[in-house]
1. Using a probe radius of 1.4 Å on heavy atoms only, what accessible surface per residue do you get for segment 17-94? Whole Å² is fine.
2. Taking springs between alpha-carbon atoms closer than 10 angstrom, which of G251, G187, G117 fluctuates most in the Gaussian network model of the chain?
3. Whats the longest run of the chain with zero trypsin sites (Lys or Arg not before Pro) that are DSSP loop and have at most 10 other Cβ atoms within 10 Å?
4. Given a 1.4 Å probe and every protein chain left where it sits, what share in percent of the accessible area of the chain is carbon and sulfur?
5. Which of the lysines could a cross-linker span from K59 if the Cα-Cα distance has to be under 27 Å and same-chain partners fewer than 8 positions apart are dropped?
6. Tell me, what is the per residue accessible area of segment 159-202 in Å², probe radius 1.4 Å?
7. With a 1.4 Å probe and every protein chain left in place, work out the accessible area per residue of segment 205-244 in Å², rounded to a whole number.
8. Report the per residue volume, in Å³, of the convex hull enclosing the C-alpha atoms of the chain.
Amino acid sequence: MPSAERDSSENLHVDVQVNGGHFKMGDAFNEGYEADGEVPVHEISLDHYRIDATTVTNKMFAVFVNDTGYRTEAQIYGTSAVFHLLATATRNEIVGPIAGSPWWLNVRGAQWMNPTGSGSTWEEIPDHPVVHVSHNDALAYCQWSKRRLPTEAEWEYAARGGLDQKRYAWGNDLEPHGQHLCNIWQGTFPTVDSANDGHRGTAPVRSFAPNGYGLYEVAGNVWEWCADWFLPKYYLNSPRHDPKGPTVGAGRVMRGGSYLCHESYCNRYRVAARTSNTPDSSSGNCGFRTVALS
């Protein structure tokens, strides 16, 4: 079992109060991928809610595991996806590249406690986002902590931080006055990461300034699971008040982008950007944040 200071789940989360209101959801710049369904822009109203200021960290997840003995799907399957430049595994532990995405390696023993392989441990980075957690793992954590995943609409409303139809959580310029405001890829993807933003791989939570509502790292760092099923055309007919997503889909919605996002192939650090993955999928660049039960 991982070692972590025992604590109640109630004391682990620092919430941001998001007051109810209206906002325009979707890509106002028509910059998204057509298959992602970021349009049309549509007005949504939400009631108030409380959401994590940060993603769930390794230390927080360790408390959950200590209390429950929970094993993630990556632990059960025995492998998970690690970015090739970050892998700290032996040659025998690397099963091989993942089809269609050769910069990802399928690594035996890669899981939340050993995020880049056997040569790593979460205890070295307790304040980094927990990764190698599937949507199903995130739901298990939520059940234990008496919380829930945000809906996609809640996530985007909170991530916008009160700004109306801006490209990013802080405005329209990616690097205003040359300042890095999120942890994404700099250089030539997928071979050279200059790490001009100060980070290779995940960054500790609260590494960058919060948005207008007090949320940290809603762009880059790690993808974040949302509660919704994913359908590209959902915005065409989604409810205008508190949408919960479609009843079925090809996968679960992921938001925010990650440290691997780069304009050359994946500019999904934009606040309207969306993608998905199957609920049992895990990787070294996906985590989650939670919402308090009302």
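1. With all protein chains present, segment 17-94 gives 47 Å² per residue.
2. Most flexible of the set in this elastic network: G187.
3. 7-232
4. 50 percent
5. Here the lysines satisfying the reach criterion relative to K59 are K146.
6. Here the per-residue accessible area is 49 Å².
7. I get 44 Å² per residue for segment 205-244.
8. With only Cα atoms used, the chain gives 122 Å³ per residue.
The values are calculated or read from the model by the stated rules, or taken from the named source; none is laboratory data. In this text the structure is predicted, and so the values were computed from the model without any measurement. Note: ideal-geometry Cβ built from the backbone for every residue, glycine included; neighbour counts use all protein chains shown. Side chains included, ligands, DNA and RNA excluded: accessible areas come from the protein's heavy atoms. Shrake-Rupley method; radii C 1.70, N 1.55, O 1.52, S 1.80 Å.
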